[in-house]
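A short write-up of the structure that comes next.
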Amino acid sequence: MNRILIAEDEPRLASFLNKGLRAAGYTTTVCEDGLRAAALARDEDFDLLVLDIGLPGQDGFAVLRALRARGDRLPVLILTARDELTDTIAGLDGGADDYMTKPFVFEELLARVRARLRSEARTEGTAGTGLELEAAGVRLDLRTRRAEADGTEVELTAKEFAMLETFLRHEHQVLSREQLLSHVWGYDYDPGSNVVDVYVGYLRRKLGAERIETVRGMGYRLR
């Protein structure tokens, strides 16, 4: 049975999430501040962290940074009342796997929890196989989560790695923004969001601008 850590300081919302996720068959633990959340995530074995950004003691961004700094790949779904793109990008670029803006519909949150846990199970299922992807002078080792460009190791965030993996699995294919959103984030963002363009920009800076081609009116393609 999957274990979920809920880090939320608003009592009514924490209770709502706790009851809903337990009813869906998950084992849950609730904490109300960032310091406690960081300690629990470090010391106990959870399958997912539902993390409020506005926590007392230590905010959600600090908790997330502490997790990723020690190499912990625990999936993190951010909850935030902030709906500006800059906050969204900060969370995702800091290593979060998904986010939801309050208020939200519980059924949508539950669907994202299930999708994230399925994705994690698939990733674990490939561990130890030595699976690699390579094209255009770029190589990804899906076992060690390492990336190289022209033989030089490149540091990628979780979302950058996922986007590059998507390009490598669809070599020579033009991928639309909607396809990239679906493959990398697992659901549709607001149609006006430019998060895909932002992350393509990140990859170009790290891999070389010439590697990812813009196909006007259609999307992007790995050269």
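Of all the residues in region 64-74, those that are open to solvent by less than 60 Å² (accessible area, probe 1.4 Å) and either of a type in the set (Lys, Arg) or modelled with pLDDT of 95 or more (or both) number 1. Scoring THR86 on the criteria (1) modelled with pLDDT under 85; (2) under 14 Å from the mean Cα position of the chain (by Cα) leaves a single failure, condition (2). Any residue that is assigned to a helix (DSSP H, G or I) and farther than 24 Å from VAL195 by Cβ - is there at least one of those in region 73-89? No, because not a single residue in region 73-89 is assigned to a helix (DSSP H, G or I) and farther than 24 Å from VAL195 by Cβ. In region 1-70, counting only strands (runs of 3 or more DSSP E) that sit wholly within it, the ones holding 3 or more residues that are among the polar types (S, T, N, Q) span 27-31.
Which one is nearest to GLU108 (Cα to Cα), of the residues in region 34-63 that are of a type in the set (Asp, Glu) and buried (at least 18 other Cβ atoms within 10 Å of the Cβ)?
Taking region 34-63 as the starting set, the residues that turn out to be of a type in the set (Asp, Glu) are 43-45, 47, 52, 59.
Right, trim to buried (at least 18 other Cβ atoms within 10 Å of the Cβ) and you get 47, 52.
Values: ASP47: 19, ASP52: 17 Å.
Per the stated criteria, the residue is ASP52.
With respect to the conditions (1) open to solvent by 50 Å² or more (accessible area, probe 1.4 Å); (2) modelled with pLDDT under 85, SER119 falls short on a single one, namely (1).
The values are calculated or read from the model by the stated rules, or taken from the named source; none is laboratory data. Treat the numbers as computed from the prediction; the structure is a model and nothing was measured. A quick note on method: Cβ atoms are made from the backbone with ideal geometry, for glycine too, and the neighbour counts reach across all protein chains shown. Remember, those area values only see protein heavy atoms, side chains included, never the ligands or the DNA or RNA. Shrake-Rupley method; radii C 1.70, N 1.55, O 1.52, S 1.80 Å.
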